[in-house]
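Asks: Structure provided below as structure tokens; questions to follow.
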Amino acid sequence: MEVYSRRLMFLVFAFALVSIGYAQESNSTTLVPAILTFGDSVVDVGNNDYLPTIFRANYPPYGRDFANQKPTGRFCNGKLATDITAETLGFTTYPPAYLSPEASGNNLLIGANFASAGSGYDDRAASLNHAITLSQQVEYFKEYQAKLAKVAGSSKSASIIKDALYVLSAGSGDFLQNYYVNPLVNHAYTPDQYGSFLIDAFTRFVQNVYGLGARKIGVTSLPPLGCIPLARTLFGYHEKGCVSRFNTDAQQFNKKLNAAATNLQKQHPDLKIVVFDIYKALLDVVNTPSNYGFVEATRGCCGTGTVETTEFLCNPHTLGTCPNASQYVFWDSVHPSQAANQVLADTLIVQGIPLL
């Protein structure tokens, strides 16, 4: 019943979007002209394929349920939540990874993806991971604008930049791959202090892209960090279920994120900014997986599903990778499966209506 209700609500909102969202623009086939994506591995569509980093997903079994069963650099067995969202908004192809050869010519008209696995709000940590820092992603966005103007002309380019949807996903890696495992960081900051440090970076990011023309920004909250299989494995010890202190840290960060977004909107009345609450959505799935059609919510599909995230552990030689990833909430020890991304995408599109 819960799945039916959620789907029905989604369909109602989707119908409303199609009916009124861009009805006045009969020549438009998408609800926004372009999508510009920033952040980490949750939304990276292949930028890291072109970087000297261990944070890559350009080999099997990644992508095994994607088009042509080929890995693309997405940390998933198939589509990301942002891919599904793009399809819902009317896109028939996905904005290309900015570092890829596809990011050229007319392909730039529908946007670009600047995200990089191993990145986040903390530029220092991203640099250590040889990922594209968030600051550098903004610099690439400036480059993108210049290239777009050459393709579309200055007037159309400005219109695309103004009406585009901007998506930011960051923060999970800052905590899971940096704060919790790096004594140089967790001895210098409390989780609350580190969260404030990250929020400062978020605020700078929004101010920067706003200054470059962004007016519709959606940012994901932190998920329930303590429910991520990697966290359960490395930090759960004898605790049953999710690591409660990590979930508390995520909730505290999300409060700061919502407050910062509210302040930014007050400073810029023409800015639309939405915080996508994926914390509750993913926690509901983890706590009651059968309500959403899942069988396993405590470990990922790839290998043992407990620590696998990079090519050292989730690779073509991994033994025991599950035959049906749609039954798993997580694909590897950190990233959701395509089936779970569908649930998250439903949340994104419903919560993101104010941006459209």
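Values quoted throughout were computed directly from the atomic coordinates according to the rules given, and no laboratory measurement underlies them. In this text the structure is predicted, and so the values were computed from the model without any measurement. In this analysis, Cβ positions are derived from the backbone assuming ideal geometry, glycine residues included, and neighbour counts consider all displayed protein chains.
Asks: Measure out, as a whole number of angstrom, how far apart the alpha-carbon centroids of region 53-100 and region 224-256 sit.
Replies: Rounded to whole Å, the Cα centres lie 27 Å apart.
Asks: Note the angle between two axes, namely the Cα long axis of helix 191-211 and the longest principal axis of the Cα atoms of the chain, as a number of degrees from 0 to 90, rounded to the nearest 10.
Replies: It works out to around 20 degrees.
Asks: How would you rank 289-302, 239-252, highest first, on the average number of other Cβ atoms within 10 Å across their residues?
Replies: Those peptides, ordered most packed to least, come out 289-302, 239-252.
Asks: First check a/c for region 96-201, with a ≥ b ≥ c the square roots of the eigenvalues of its C-alpha gyration tensor; if it is under 1.5, answer rounded, and if not, answer prolate when a/b is larger than b/c or oblate otherwise.
Replies: prolate
Asks: Still on this structure: In this model, which of Lys79/Lys216; Lys156/Lys255; Lys79/Lys266 are farther than 30 Å apart at the alpha-carbon?
Replies: Pairs exceeding 30 Å: Lys156/Lys255; Lys79/Lys266.
Asks: Something else about it: Can you give the Rg and Dmax of region 84-132 based on its C-alpha atoms, in angstrom?
Replies: Looking at region 84-132, its Cα Rg and Dmax stand at 13.4, 37 Å.
Asks: Considering only Pro223, Pro316, Pro269, give the residue with the highest GNM mean-square fluctuation for the chain, with springs between Cα atoms whenever their separation is below 10 Å.
Replies: Pro269
Asks: What is the angle, in °, between the Cα long axis of helix 2-16 and the longest principal axis of the Cα atoms in the chain? Nearest 10 is fine, range 0 to 90.
Replies: In the chain, helix 2-16 runs at an angle near 10 degrees to the longest axis.
Asks: Ok, one more. When the chain is modelled as a GNM with alpha-carbon springs shorter than 10 Å, which of Leu264, Leu36, Leu134 fluctuates the most?
Replies: Leu264
Asks: Mind pulling up the Rg/Rh value for the chain? Radius of gyration and Kirkwood radius, both on Cα.
Replies: Reported Rg/Rh, Kirkwood definition of Rh: 0.94.
Asks: Quick one: helix 134-152 against the long Cα principal axis of the chain, what's the angle to the nearest 10°, folded into 0 to 90?
Replies: 30 degrees
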